[in-house]
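**Q** What follows is a single structure, and I will ask about it in a moment.
The values are calculated or read from the model by the stated rules, or taken from the named source; none is laboratory data. Every value quoted in this text rests on a predicted model; they were computed, and no experiment measured them. All Cβ positions, even for glycine, are placed from backbone atoms using ideal geometry, and neighbour counts span all protein chains on display. What goes into the accessible areas is simple: the full protein's heavy atoms, side chains included, and nothing from ligands, DNA or RNA. Shrake-Rupley method; radii C 1.70, N 1.55, O 1.52, S 1.80 Å.
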Amino acid sequence: MEKRRFQKIIVWNRKRIIMLILAISAFGIVFGLLISRALLGLEEYGFHFNVSLCILFFTIFLVILWLPMFVAESQISDIDEHSMKILPSYPLMKKWKVIGYILCNDTIEPFLRVIPFQNIQKGVFDAMCHASGMLGYSWYTYRLTLYIGNEKLPLYIDPIDNGIIMPSGFGGATLNGRHDRKDICNLIQMLRVNHVKIEDPYGILDALKDESVPLYEFLETLDIKKRY
């Protein structure tokens, strides 16, 4: 195994949250202005609108709707020789609690779950496929399902390999960097070194190890049921 750690991907902090709020707000202001101008055309029919309030409400609506979507879920935050840290899948209101805590304390640590390797019976490494309806491409997400006692815990390692200019496949938007082939292979190898049995039913690991294999094309050849 290469002497290199599995790179962190969840590095949310106060600065990133604030920058994201500002970006969503800027988007909301621009499109709120366009919507307001369209609504002004209804004044001739007796409807009256306050442009400033329309822009304000639309911007607030977008922030409330979109901000929790950027809180990645069921993704690996960090991994060492003893355990792995993940951000579990939280309901919407809990995601707002996570956001609020980060804004106040500039850390996400209390919301991360630590899973010791010794508690994992086995893992299954495969991929999920979502039909995009965009340019004919599919969305793929690498998935590592851990079996811990009676619990089956899916982890979405990296929503990548989605074709040209495609959004993330699942598990939240990937804004903090992506795991490359070596990262993912090192993750699986670290688990195996720590006596965690990993099943690879589609042979994806072999494709990851071979730099000459185009991953998107390889994933397209697999018999993975598409989700719509």
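**Q** Cα to Cα, under 21 Å, and not fewer than 8 places away if on the same chain: which lysines meet these conditions relative to residue 225?
**A** 152
**Q** Moving on. Can you pull the percent of the range 12-111's accessible area that's carbon plus sulfur, 1.4 Å probe, other chains left in place? Walk me through the numbers before you get to the answer.
**A** Working: 4130 of 5930 Å².
Solvent-exposed carbon and sulfur of the range 12-111 make up 70 percent of the total.
**Q** Between the range 200-228 and the range 73-134, how many Å separate their Cα centres?
**A** 24 Å
**Q** In nanometres, what is the gap between the two model label sites at residue 53 and residue 25, each 7 Å from Cα along Cα-to-Cβ?
**A** The two pseudo-label positions are separated by 2.1 nm.
**Q** So, one more: Give, as a single signed number, the net charge of other residues whose beta carbon lies under 13 Å from the beta carbon of residue 90, with Lys and Arg counted +1 and Asp and Glu -1.
**A** +3
**Q** Let me ask another. Which entries in the list 15/226; 95/209; 94/209; 85/209 go over 29 Å, if you measure between the two C-alpha atoms of each?
**A** Flagged as over cut-off: 15/226; 95/209; 94/209.
**Q** Within 12 Å, Cβ to Cβ, of residue 200, how many net charges do the neighbouring residues add up to if Lys/Arg are +1 and Asp/Glu are -1?
**A** Taking every other residue near residue 200 into account, the sum is +2.
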